1. Looking only at segment 160-195, filter to residues that are buried (at least 17 other Cβ atoms within 10 Å of the Cβ) and of a type in the set (D, E, K, R); which one of those is farthest from A47 (Cα to Cα)?
2. Would it be correct to say that I64 is loosely packed, with under 13 Cβ neighbours inside 10 Å and either at pLDDT below 90 or of a type outside the set (G, A, S) (or both)?
3. Can you tell me which residue among D136, D187 is of a type in the set (D, E), touching a Lys or Arg at 6+ places or on another chain (Cβ under 8 Å), farther than 17 Å from I26 by Cβ and touching a residue at least 12 places away in the same chain (Cβ under 8 Å)?
4. Restricting the search to segment 144-159, which residues are in a helix (DSSP H, G or I) and surrounded by fewer than 24 Cβ atoms within 10 Å (Cβ to Cβ)?
5. For segment 85-109, name all the residues that are at pLDDT 95 or above and among the polar types (S, T, N, Q).
6. Just for helices (runs of 4 or more DSSP H) wholly inside segment 1-76: which have at least 1 residues that are in contact (Cβ under 8 Å) with a residue 60 or more places away in the chain, over 21 Å from T146 (Cβ atoms) and assigned by TED's automatic domain parsing to the domain that holds V154?
7. For segment 139-163, what are the residues that are without any contact (Cβ under 8 Å) to a residue 12 or more places away in the chain and among the basic types (K, R)?
8. Is it the case that A162 is more than 12 Å from F93 (Cβ to Cβ), outside any strand (DSSP E or B) and modelled with pLDDT under 95?
Amino acid sequence: MQDRYFRLCEWAVGALSVLAIGFLLIDPFMLERAQAMSPTARDFFRAITDIGRSNWMLIPTAAIIGLAVVLRRNHIGFRNAAAYGLIIQVAGFAFVSIGGAGLIAALFKNILGRARPKLHDTVGHFDFNFFAFDADYASLPSGHATSIFAFATVVAILAPRARVFVYTIAVWVALSRVLIGVHYFTDITLGAILGTVFPYLVRDRFAARRWLFEYAPGGGYRLRGLRTQAWLGWPEGVRASQNGSVKDA
């Protein structure tokens, strides 16, 4: 118990040190770089920044869930029910992961009330107005960074082969928030952490109920169903370990 307490203290000290470096050194440095950027580069980052909006992620997944529920009720047969059930679970996992992370980000940014970079010249980069509920004081964490990293993590969990591609896009979109001057670097960093961690927590809750995921015999998690794993590009070794006895979800 004492060792665990000391480990937690070490993690806390390390995290606070990293945050201090970010607030005191990296944030003003990145703000200067953003202000010195050419108009052409700024236009490029403005063009890609809205990929981080969650509406294009949440509206289609909600529509897919609703459509699959309706079709499941009107199509008779076990295979149809299983297929629609899988669609509902996949879309539900994406919706809860991305929407939940976004809600937490929105809650914290309004509670913390960090001033946005456009107020830097008057209040600096370390000004907090708690419970401001003001768009000018809603910088930390970045909602766009949270959403795009939650999306990337959902895709990486479901289709591991795509993880490099989706996380690369997420990094570019998150950085665009800094380089167009609407967030500090620590805003996108904490948003990225939240967006990455939350889907794994959702996966844990899903696995506990055997929704889409299940606990693997050797530890960790896996998707339910050999064909589902094969379709989404899971490693052959993971699929082979199930001995072909697990039915599709």
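1. Step by step, filter segment 160-195, then rank; the result is D187.
2. no
3. It is D136.
4. V155, A156, I157, L158, listed by residue number.
5. Of everything in segment 85-109, just one residue is at pLDDT 95 or above and among the polar types (S, T, N, Q), namely S97.
6. Fully inside segment 1-76 and qualifying: 27-35, 39-49.
7. Residue satisfying the conditions is R163 alone.
8. So A162 passes the test.
The values are calculated or read from the model by the stated rules, or taken from the named source; none is laboratory data. As the structure is a computational prediction, the values presented were derived from the model and not from experiment. Please note: Cβ atoms are built from the backbone with ideal geometry, for glycine as well, and neighbour counts cover all protein chains shown.
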